[in-house]
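Visitor: First, the structure itself, so that you have it in front of you.
The values are calculated or read from the model by the stated rules, or taken from the named source; none is laboratory data. None of the values given here were measured: they were computed from a predicted structure. Positions of Cβ are backbone-derived with ideal geometry, glycine not excepted, and every protein chain shown enters the neighbour counts. Note: areas computed on protein heavy atoms with side chains; ligands, DNA, RNA excluded. Shrake-Rupley method; radii C 1.70, N 1.55, O 1.52, S 1.80 Å.
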Amino acid sequence: MNSSLHLWLIPILPLAGAAINGFFGKKASRHGVSAVGLLASGASFAWALWVATRFSSLALPYQEYVAHWIRSGTFTADFTLYLDQLSLVMLLVVTGVGFLIHIYSVGYMWDDPGYYRFFSYLNLFMFFMLTLVLANNYLVMFIGWEGVGLSSYLLIGYWFTKDSAASAGKKAFIVNRIGDFGFLIGLFLLIQHFGSLNFTRVFEAVGPMPTESAGVGLLTIIGILLMVGACGKSAQIPLYVWLPDAMEGPTPVSALIHAATMVTAGVYMVARSHVIFEHAPSALTVVAIIGTLTAFFAATIGIAQTDIKKVLAYSTVSQLGYMFMACGVGAFSAAIFHLMTHAFFKGLLFLAAGSVIHAVGGEQDMRKMGGLRSYIPWTFLTMGIATLAITGIPPLAGFWSKDEILWQAYSSPHGSWVFWLIGVLTAFITSFYMFRLLFMTFFGDYHGAQVDAHGHVSHGHDDHGHGEPHESPIVMLAPLFVLALLSVVGGIVGIGNRFEHFLAPVLGSVEVTEAAGGTASHLTEYLLMGMSIGVAALGFIVAYVLYVSKPYLPQKIADALGNFYEAVVNKYYVDELYATLFVKPLVDGSTRILWQGVDRKVIDDTVNDTADGARHVSDEVRHMQSGNLRSYAGWIAAGAAVVIAYMVWLGVGR
């Protein structure tokens, strides 16, 4: 097999950066840590761009063997990398946006005492995400899948001395394991019935099978189980609860993991598995329903949030719902198109939010902001562009991808006017809460000002040592400018269905024609497009009236809605419900008594007689046991790096 592309370098470069900073960064200067982190991610992006220039000359799908892995009877699973149109899009998004966020992090995290650790985790995340994207089989994909879960845990709980951050990291880790259980069962069924997890072999075996239109069959069950895994990773109902709490991590983490890359892994996996879903209409319907409900449900919660990052978190959950709605109606290309444009404008929104937070000394409550456009004009400009993009205002990127999803939801053979209607309502709500965020943050008077005993207005200094709001340094602004440009022009590739045609060899075409039984005309398409633009404009008008023209109205409306408003503010009490139903029974009552009994009567009595001998050994090795889960995770990652590097060395040497 021709290995001239050396695809293995793309994930290995960030892994090398993670290892160097992880082991030696503590004693290095911040400039040295920055150089290693940026060089690793930048070189990976540069190599991905070089691969893109060679792409048109490749025989697709291009596969590159790295090393042997598992041999068990007729079942085999190797470390082999896989490149086609779909993985190329993901490759460029992950490395490109990831590199910009690395640059931004230099300015945002410069004063943090764990600077080297942060860049090590960022690079480690990129390695696992790229492994997931480039895998040629579900098992290697699952290695990347679990790896991004580990990296997410480390980054969400980065400020681990803060209880809320530590709890958020554990919550993300545990909720994702629930989804992964379903994913694993789906993989076991693939092995049992097809004897392989290789994409090509599985899809070739599924292709001739009849469509399961009469009921629930094997492929329907596998599709639903894969969707369970996607629900965990991509924060869909009922497993979305971890993502809003994940905002406890540093803002670059929110931009990289929870906007542009990791949370889209579920969408990528479902799109990659489209052959299975296309043979299981019932599974497609499940995907569409979950995605549509998640989009609407999360958007309603975003209306009442006052933490700037929490608003964007629920917006992310909602936009991911749009992507799953598209997958559920068979419009996989539209889902990937929105995945790409979302990476641009949502990554920009999070980084701009970080610039706002940096400007006001760590404050995240929008009620304590206001009037910031005169203090941080460049941040205001870029965040305004991102807001226009996500709300679907033409001709920005979000308009093209969101309109394509709404059109396919209405016109696709698997679509329905119900999906379209809920999608349009969600578009209105999205426009409202995003312009609400913009107006509360940048318009009116600055509410962070303080009045001293003599009546003089002073902006004072907060705990972070900041004075009045100030613009971010160029190292933070430069990525904002690049993402703002992409948010403006990124949707052009969708004009004339060019993006869909590019992905057609992998995902097929869902273009509705009369020959295929489609009844929707171009006139209908333009009418629906006009309605989606209209609701976006209406959201702007309502937000302007409530938060600029008549700012006293929101409180009156909240008072009038009473308990319902309180329910929305408290996210419909879903976290409290989960705590009551699942968390407390596991840590209280009979469960605790049972485990105490097992511990005292079985484990203690068995071990005590050998304790003296073991104590001498444990004294020698106890220093390796720090009790810090992050330390253990670091050793696991280091071991994985050594094993994978050895496999790569073997593969290259063959």
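Visitor: Within the stretch 76-100, can you find the residues that are within 17 Å of Met269 (Cβ to Cβ) and not hydrophobic (A, V, I, L, M, F, W, C)?
Guide: Selection gives Tyr82, Asp84, Gln85, Ser87.
Visitor: Among the residues of the stretch 108-128, is any more than 30 Å from Gly361 (Cα to Cα), in contact with a Ser or Thr (Cβ under 9 Å, 6 or more places away or on another chain) and either assigned to a strand (DSSP E or B) or not basic (Lys, Arg) (or both)? Steps first, please.
Guide: Step one: of the stretch 108-128, the residues more than 30 Å from Gly361 (Cα to Cα) are 127-128.
When the remaining residues are screened for being in contact with a Ser or Thr (Cβ under 9 Å, 6 or more places away or on another chain), the result is 127-128.
If we keep only those that are either assigned to a strand (DSSP E or B) or not basic (Lys, Arg) (or both) too, we end up with 127-128.
Within the stretch 108-128, one or more residues are more than 30 Å from Gly361 (Cα to Cα), in contact with a Ser or Thr (Cβ under 9 Å, 6 or more places away or on another chain) and either assigned to a strand (DSSP E or B) or not basic (Lys, Arg) (or both).
Visitor: Sticking with this structure for a sec: I need a count of the residues in the stretch 252-285 that are outside any loop (DSSP other than H, G, I, E, B) and either under 13 Å from the mean Cα position of the chain (by Cα) or within 19 Å of Leu150 (Cβ to Cβ) (or both). Give the derivation first.
Guide: At the first step, the residues of the stretch 252-285 found to be outside any loop (DSSP other than H, G, I, E, B) are 252-260, 262-272, 274-278, 281-285.
Checking the rest, the ones that are also either under 13 Å from the mean Cα position of the chain (by Cα) or within 19 Å of Leu150 (Cβ to Cβ) (or both) come to 252-260, 262-269.
Counting residues in the stretch 252-285 that are outside any loop (DSSP other than H, G, I, E, B) and either under 13 Å from the mean Cα position of the chain (by Cα) or within 19 Å of Leu150 (Cβ to Cβ) (or both) gives 17.
Visitor: Right, next: Just to verify a result, which residue in the stretch 83-142, among those that are aromatic (Phe, Trp, Tyr) and over 29 Å from Pro61 (Cα atoms), is nearest to the chain's Cα centre (by Cα)? First the steps, then the outcome.
Guide: Taking the stretch 83-142 first, the residues aromatic (Phe, Trp, Tyr) are 99, 104, 108, 110, 115-116, 118-119, 121, 125, 127-128, 138, 142.
Okay, now just the ones that are also over 29 Å from Pro61 (Cα atoms), so 104, 108, 110, 115-116, 118-119, 121.
Working: Tyr104: 18, Tyr108: 20, Trp110: 24, Tyr115: 23, Tyr116: 23, Phe118: 18, Phe119: 18, Tyr121: 16 Å.
Restricting to residues being aromatic (Phe, Trp, Tyr) and over 29 Å from Pro61 (Cα atoms), the top hit is Tyr121.
Visitor: Residues of the stretch 48-71 being crowded, with 19+ Cβ neighbours inside 10 Å and closer than 26 Å to Phe99 by Cα, which ones? Outline the logic, then answer.
Guide: Going through the stretch 48-71, the residues crowded, with 19+ Cβ neighbours inside 10 Å turn out to be 48, 51, 62-64, 66-67.
If the condition is that a residue be crowded, with 19+ Cβ neighbours inside 10 Å and closer than 26 Å to Phe99 by Cα, then Ala48, Val51, Tyr62, Gln63, Glu64, Val66 are the ones that fit.
Visitor: Can you spot a residue in the stretch 223-241 that is surrounded by 18 or more Cβ atoms within 10 Å (Cβ to Cβ), touching a Cys at 6+ places or on another chain (Cβ under 6 Å) and of a type in the set (A, V, I, L, M, F, W, C)?
Guide: Looking only at the stretch 223-241, we keep the residues that are surrounded by 18 or more Cβ atoms within 10 Å (Cβ to Cβ), and these are 223-237, 239-241.
From what's left, touching a Cys at 6+ places or on another chain (Cβ under 6 Å): 239.
Still in the list and also of a type in the set (A, V, I, L, M, F, W, C): 239.
Yes, the stretch 223-241 contains at least one residue that is surrounded by 18 or more Cβ atoms within 10 Å (Cβ to Cβ), touching a Cys at 6+ places or on another chain (Cβ under 6 Å) and of a type in the set (A, V, I, L, M, F, W, C).
Visitor: Now, a different point. Checking Phe344 against (1) closer than 21 Å to Lys571 by Cα; (2) modelled with pLDDT of 95 or more, which single condition isn't satisfied?
Guide: (1)
Visitor: Looking at (1) without any contact (Cβ under 8 Å) to a residue 24 or more places away in the chain; (2) charged (D, E, K, R); (3) crowded, with 20+ Cβ neighbours inside 10 Å, which is the only condition Lys27 fails?
Guide: Single failed check for Lys27: (3).
Visitor: Check off (1) open to solvent by less than 10 Å² (accessible area, probe 1.4 Å); (2) part of a helix (DSSP H, G or I); (3) not aliphatic (A, V, I, L, M) for Gly370 and give me the number that stays unchecked.
Guide: (2)
Visitor: Would you confirm, using the coordinates I've provided, whether Ala389 is open to solvent by less than 10 Å² (accessible area, probe 1.4 Å) and either touching a Cys at 6+ places or on another chain (Cβ under 6 Å) or at pLDDT 95 or above (or both)?
Guide: On the way: open to solvent by less than 10 Å² (accessible area, probe 1.4 Å): yes; either touching a Cys at 6+ places or on another chain (Cβ under 6 Å) or at pLDDT 95 or above (or both): yes.
The answer is yes for Ala389.
Visitor: Give the stretch 520-561 a look and list any residue that's outside any helix (DSSP H, G or I) and either at pLDDT 90 or above or open to solvent by 40 Å² or more (accessible area, probe 1.4 Å) (or both), or say none.
Guide: Of the residues in the stretch 520-561, the ones outside any helix (DSSP H, G or I) are 520-521, 550-552.
Scanning the stretch 520-561 gives Ser521, Lys550, Pro551, Tyr552.
Visitor: Between a first residue in the stretch 565-578 that is in contact (Cβ under 8 Å) with a residue 40 or more places away in the chain and a second residue that is loosely packed, with under 14 Cβ neighbours inside 10 Å, which pairs have beta carbons less than 6 Å apart while being 6 or more apart in sequence or on different chains?
Guide: Taking only residues 6 or more apart or on different chains, not a single pair turns up.
Visitor: Continuing with this model, one more query. With respect to Leu130, is the statement that it is modelled with pLDDT of 95 or more, within 22 Å of Gly37 (Cα to Cα), open to solvent by 10 Å² or more (accessible area, probe 1.4 Å) and not hydroxyl-bearing (Ser, Thr, Tyr) true?
Guide: Numbers: modelled with pLDDT of 95 or more: yes; within 22 Å of Gly37 (Cα to Cα): yes; open to solvent by 10 Å² or more (accessible area, probe 1.4 Å): no; not hydroxyl-bearing (Ser, Thr, Tyr): yes.
No, not satisfied.
Visitor: Is it the case that Thr80 is among the hydroxyl-bearing types (Ser, Thr, Tyr), out of contact with any helix residue (DSSP H, G or I) (no Cβ under 7 Å at 6 or more places or on another chain) and crowded, with 20+ Cβ neighbours inside 10 Å?
Guide: Yes; evaluated as a whole, the condition is true for this residue.
Visitor: May I ask you to list the residues in the stretch 490-509 that are in contact (Cβ under 8 Å) with a residue 24 or more places away in the chain and open to solvent by less than 60 Å² (accessible area, probe 1.4 Å)?
Guide: If the condition is that a residue be in contact (Cβ under 8 Å) with a residue 24 or more places away in the chain and open to solvent by less than 60 Å² (accessible area, probe 1.4 Å), then Gly490, Gly491, Gly494, Phe499, Glu500, Leu503, Ala504, Val506, Leu507, Gly508 are the ones that fit.
Visitor: Taking the stretch 395-418 as the region of interest, how many residues are open to solvent by 40 Å² or more (accessible area, probe 1.4 Å), within 26 Å of Leu485 (Cβ to Cβ) and out of contact with any Phe, Trp or Tyr (no Cβ under 8 Å at 6 or more places or on another chain)?
Guide: Initially, the stretch 395-418 is screened for residues open to solvent by 40 Å² or more (accessible area, probe 1.4 Å), giving 395, 400, 410, 413-414, 417-418.
Add one more test, that the residue is within 26 Å of Leu485 (Cβ to Cβ), and what stays is 395, 400.
When the remaining residues are screened for being out of contact with any Phe, Trp or Tyr (no Cβ under 8 Å at 6 or more places or on another chain), the result is 395.
Total satisfying the criteria: 1.
Visitor: Yes or no: the stretch 94-102 includes at least one residue that is open to solvent by 60 Å² or more (accessible area, probe 1.4 Å) and either farther than 30 Å from Phe194 by Cα or among the acidic types (Asp, Glu) (or both). Even if it seems obvious, please write down each step before you answer.
Guide: Taking the stretch 94-102 first, the residues open to solvent by 60 Å² or more (accessible area, probe 1.4 Å) are none.
Checked against the condition, which is being open to solvent by 60 Å² or more (accessible area, probe 1.4 Å) and either farther than 30 Å from Phe194 by Cα or among the acidic types (Asp, Glu) (or both), the stretch 94-102 yields no hits at all.
Visitor: I'd like to check something: does the stretch 286-294 contain any residue that is free of Cβ contacts under 8 Å to residues at least 40 places away in the same chain, open to solvent by 20 Å² or more (accessible area, probe 1.4 Å), β-branched (Val, Ile, Thr) and in a helix (DSSP H, G or I)?
Guide: The first filter runs over the stretch 286-294 and keeps only residues free of Cβ contacts under 8 Å to residues at least 40 places away in the same chain, leaving 289.
Cutting the leftovers down to open to solvent by 20 Å² or more (accessible area, probe 1.4 Å) gives us 289.
The next check asks that each one be β-branched (Val, Ile, Thr); those that pass are 289.
Now narrow it down to the ones that are in a helix (DSSP H, G or I): 289.
Yes, the stretch 286-294 has at least one match.
Visitor: Please enumerate the residues belonging to the stretch 440-450 that are open to solvent by 10 Å² or more (accessible area, probe 1.4 Å) and either under 18 Å from Ser315 (Cα atoms) or modelled with pLDDT of 95 or more (or both). Don't jump to the end; show me each part of the working.
Guide: Of all residues in the stretch 440-450, those open to solvent by 10 Å² or more (accessible area, probe 1.4 Å) come to 440, 443-450.
Residue satisfying the conditions is Met440 alone.
Visitor: So which residues in the stretch 156-183 are open to solvent by less than 10 Å² (accessible area, probe 1.4 Å) and closer than 18 Å to Ile143 by Cα? So that I can check it myself, show each step before the final result.
Guide: Pass one, the stretch 156-183, residues open to solvent by less than 10 Å² (accessible area, probe 1.4 Å): 156-158, 165, 168-169, 172, 176, 179-180, 182-183.
Answer for the stretch 156-183, where residues must be open to solvent by less than 10 Å² (accessible area, probe 1.4 Å) and closer than 18 Å to Ile143 by Cα: Ala172, Asn176, Gly179, Asp180, Gly182, Phe183.
Visitor: Restrict the check to the stretch 105-113 and report whether at least one residue is hydroxyl-bearing (Ser, Thr, Tyr), over 22 Å from Ala19 (Cβ atoms) and free of Cβ contacts under 8 Å to residues at least 12 places away in the same chain. Full working, then the answer.
Guide: Taking the stretch 105-113 as the starting set, the residues that turn out to be hydroxyl-bearing (Ser, Thr, Tyr) are 105, 108.
Checking the rest, the ones that are also over 22 Å from Ala19 (Cβ atoms) come to 108.
Subsequent filtering for residues that are free of Cβ contacts under 8 Å to residues at least 12 places away in the same chain retains none.
No, because not a single residue in the stretch 105-113 is hydroxyl-bearing (Ser, Thr, Tyr), over 22 Å from Ala19 (Cβ atoms) and free of Cβ contacts under 8 Å to residues at least 12 places away in the same chain.
Visitor: When you scan the stretch 339-351, do you find a residue that is of a type in the set (D, E, K, R), crowded, with 24+ Cβ neighbours inside 10 Å and assigned to a helix (DSSP H, G or I), even just one? Steps first, please.
Guide: The first filter runs over the stretch 339-351 and keeps only residues of a type in the set (D, E, K, R), leaving 346.
Now narrow it down to the ones that are crowded, with 24+ Cβ neighbours inside 10 Å: 346.
Of the ones still in play, those that are also assigned to a helix (DSSP H, G or I) are 346.
Yes - at least one qualifying residue is present in the stretch 339-351.
Visitor: Same structure, new question: Quick check, is Thr294 among the polar types (S, T, N, Q) and in contact with a Gly (Cβ under 6 Å, 6 or more places away or on another chain)?
Guide: For Thr294, the condition - among the polar types (S, T, N, Q) and in contact with a Gly (Cβ under 6 Å, 6 or more places away or on another chain) - is met.
Visitor: Can you confirm whether Leu421 is at pLDDT 95 or above, surrounded by fewer than 23 Cβ atoms within 10 Å (Cβ to Cβ) and assigned to a helix (DSSP H, G or I)? Reasoning before the result, please.
Guide: Numbers: at pLDDT 95 or above: yes; surrounded by fewer than 23 Cβ atoms within 10 Å (Cβ to Cβ): yes; assigned to a helix (DSSP H, G or I): yes.
Answer is yes for this residue.
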